[in-house]
Amino acid sequence: MTSPAPQPPTSSGPPGPSSPHGSGAGRLFARGSWGEASRIADVLRAETTGGVLLIVAAVVALTWANTPWSDAYARLRDLTVGPHALHLDLTLGQWAADGLLAIFFFVAGLELKREFVAGDLRDARRAALPVAAAVGGMVVPALLFTLVNVLDLGSGDGDLRGWAIPTATDIAFAVAVLAVISTHLPSGLRTFLLTLAVVDDLLAITIIAVFYTAELQLLWLAAALVPLAAFGVLVQRRIYRGWLLVPLALLTWGLVHASGVHATVAGVLLAFTVPVLRRDRADDRPGLAEHLEHVVRPLSAGVAVPLFAFFAAGVTVGGWSGLVDSWRDPVALGIVVGLVVGKTVGIAGSTWLLATFTRADLDDELSWIDVVGMAMLAGIGFTVSLLIGELAFGTGSLRDEHVKVGVLTGSLIAAGLASVVLRLRNRTYRRLCELEGVDDDGDGVPDVYQARSAG
């Protein structure tokens with residue numbers, strides 16, 4: 001069992017300024033505490049590995065689906081396994097979307113609860129920025145997608161069912177891009193990107209539950225509350241034996257699936273029952289939420305998300321002409337515009353509005369080009385975007401194939417543009433990272449995190 005990470009000196013007061021120049025609570029993207037920054041760095045390292053696996057899985061699926069052996073890929077994806085009870089006779093692709101992604105959303109739910117209960121974002125003023133940016137980063141892409149399809153740009157009939165597809169951000173993919181381009185992103189932006197993506201995931205799963213539930217079976221949904229409540233009672237009593245919790249989690253998932261609500265919602269509901277703080281506040285060991293996140297995150301990042309990407313990204317393009325035909329579909333075009341333009345405008349715009357109409361200022365070590373680069377990076381929408389596409393148009397349909405082309409194209413363009421902008425800032429990022437690492441007094445905490453008390 002690994003020992004806990006070094007803890008910063010405790011303080012009875014709220015977080016202070018991020019620099020001698022001003023208050024961290026009143027500055028956008030201000031540096032948080034050393035303990036929070038360390039935890040975020042650990043999370044991002046795990047997501048980097050998962051992101052690389054995700055990219056590899058997507059490339060393998062896309063390549064396989066465009067070879068003479070594409071039929072074998074389709075047969076594997078559409079292979080039905082499982083009992084008919086609770087409607088669990090699903091294809092492997094459906095198992096990946098409904099089952100494996102529930103693990104992904106369980107981790108996202110744990111992370112979200114930890115951020116707002118024990119993280120730096122328990123401060124309402126700090127939480128306002130990523131929440132506002134996440135909302136702006138979902139509303140604007142949805143509006144642009146709707147506009148493209150209402151105006152019927154491209155060739156073909158527009159379809160508004162996919163309005164939510166370009167609203168999601170894939171944190172694993174985004175962090176993997178950062179690792180590839182070797183960018184030393186400032187800690188404030190790293191924390192913001194992670195929190196933005198987590199809030200984005202919560203909003204996305206809410207959209208899925210509300211707008212993409214075709215038929216609601218209230219009896220099954222009510223039945224799901226029983227194992228969910230039992231799970232909650234056990235974890236609140238700090239009983240976390242796997243042989244008790246796993247069957248209850250699986251039963252909750254199965255009943256939610258049978259209710260007609262997308263089964264990934266069960267993952268978030270289960271996560272929200274897990275306590276974050278230890279009963280003994282003097283005990284500095286990880287709480288149950290952190291423990292479960294530590295146990296489950298490798299399964300999510302290393303297995304669940306890559307396998308979903310493998311079964312979801314395998315679109316048969318049909319050569320250059322097929323690719324062009326996909327791009328001319330208003331749905332695919334709306335997705336590309338939403339991810340590339342909508343995410344950038346929505347996130348950067350809402351951040352600017354917050355800075356303009358409140359007393360919040362951009363942190364001294366950052367510039368607005370950093371915000372734009374991060375907003376572009378958030379335009380990488382993959383996992384949840386593909387999931388919503390399947391729910392909107394049906395797995396294997398022609399429109400679903402065009403959705404995949406649109407998501408892949410938009411994500412690649414967003415990644416390319418973000419890489420250019422962040423590369424231009426690479427020298428500044430490196431200087432900031434070196435500053436953060438200075439520890440002249442040898443207490444294990446970088447001096448830049450202690451500078452706040454000097455003001």
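Among the residues of region 304-325, some residue qualifies, meaning at least one is surrounded by 16 or more Cβ atoms within 10 Å (Cβ to Cβ) and in contact with a strand residue (DSSP E or B) (Cβ under 9 Å, 6 or more places away or on another chain).
Identify all residues within region 206-250 that are of a type in the set (Val, Ile, Thr) and assigned to a helix (DSSP H, G or I); write none if there are none.
Thr206, Ile207, Ile208, Val210, Val226, Val233, Val235, Val246, listed by residue number.
Of Ala360, Ala332, Ala355, Ala348, all but one fail to be over 27 Å from Ala102 (Cα atoms) and either touching a Cys at 6+ places or on another chain (Cβ under 8 Å) or modelled with pLDDT of 90 or more (or both); the exception is Ala348. If only residues of region 346-365 that are among the aliphatic types (A, V, I, L, M) and buried (at least 21 other Cβ atoms within 10 Å of the Cβ) are counted, the one that is farthest from the chain's Cα centre (by Cα) is Ala360. Looking across region 402-413, the residues that are of a type in the set (Gly, Ala, Ser) and either over 14 Å from Ile55 (Cβ atoms) or not in a helix (DSSP H, G or I) (or both) come down to Gly406, Gly410. What are the residues in region 327-345 that are assigned to a loop (DSSP other than H, G, I, E, B) and surrounded by fewer than 23 Cβ atoms within 10 Å (Cβ to Cβ), if any? If the condition is that a residue be assigned to a loop (DSSP other than H, G, I, E, B) and surrounded by fewer than 23 Cβ atoms within 10 Å (Cβ to Cβ), then Arg328 is the only one that fits.
Restricting attention to region 68-111 and to residues that are surrounded by fewer than 21 Cβ atoms within 10 Å (Cβ to Cβ) and over 29 Å from Glu401 (Cβ atoms), the residue that is modelled with the lowest pLDDT turns out to be Leu86.
Residue-wise test of (1) over 20 Å from the mean Cα position of the chain (by Cα); (2) among the β-branched types (Val, Ile, Thr).
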residue	(1), (2)
Gly93	yes, no
Ala96	no, no
Ala108	no, no
Ala124	yes, no
Thr146	yes, yes
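Within region 156-185, residues that are among the charged types (D, E, K, R) sit with their Cβ atoms under 6 Å from residues that are modelled with pLDDT of 75 or more and part of a helix (DSSP H, G or I), at 6+ positions apart or across chains, in these pairs: Asp159/Val331; Arg161/Ala392; Asp170/Thr383. You will find that of Val324, Val315, the residue that is among the hydrophobic types (A, V, I, L, M, F, W, C), modelled with pLDDT under 90 and not in a helix (DSSP H, G or I) is Val315 and no other.
When region 199-253 is limited to residues that are closer than 30 Å to Ala133 by Cβ, surrounded by 13 or more Cβ atoms within 10 Å (Cβ to Cβ) and among the β-branched types (Val, Ile, Thr), the one that is nearest to the chain's Cα centre (by Cα) turns out to be Val199.
Suppose we filter region 193-208 for residues that are modelled with pLDDT of 85 or more and of a type in the set (A, V, I, L, M, F, W, C); how many remain? So the answer is 3. Of all residues in region 47-69, those that are within 15 Å of Phe382 (Cβ to Cβ) have Cβ atoms under 8 Å from Cβ atoms of residues that are among the aromatic types (Phe, Trp, Tyr) and at pLDDT 90 or above, 6 or more apart or on another chain, in Ala57/Phe310; Ala58/Phe310; Val60/Phe310; Ala61/Tyr73; Ala61/Phe310; Ala61/Phe311.
The values are calculated or read from the model by the stated rules, or taken from the named source; none is laboratory data. Just so we're clear, the structure is a prediction, and the values are computed from it rather than from any experiment. FYI the Cβ positions are ideal-geometry reconstructions off the backbone, even for glycines, and counts take in every protein chain you see.
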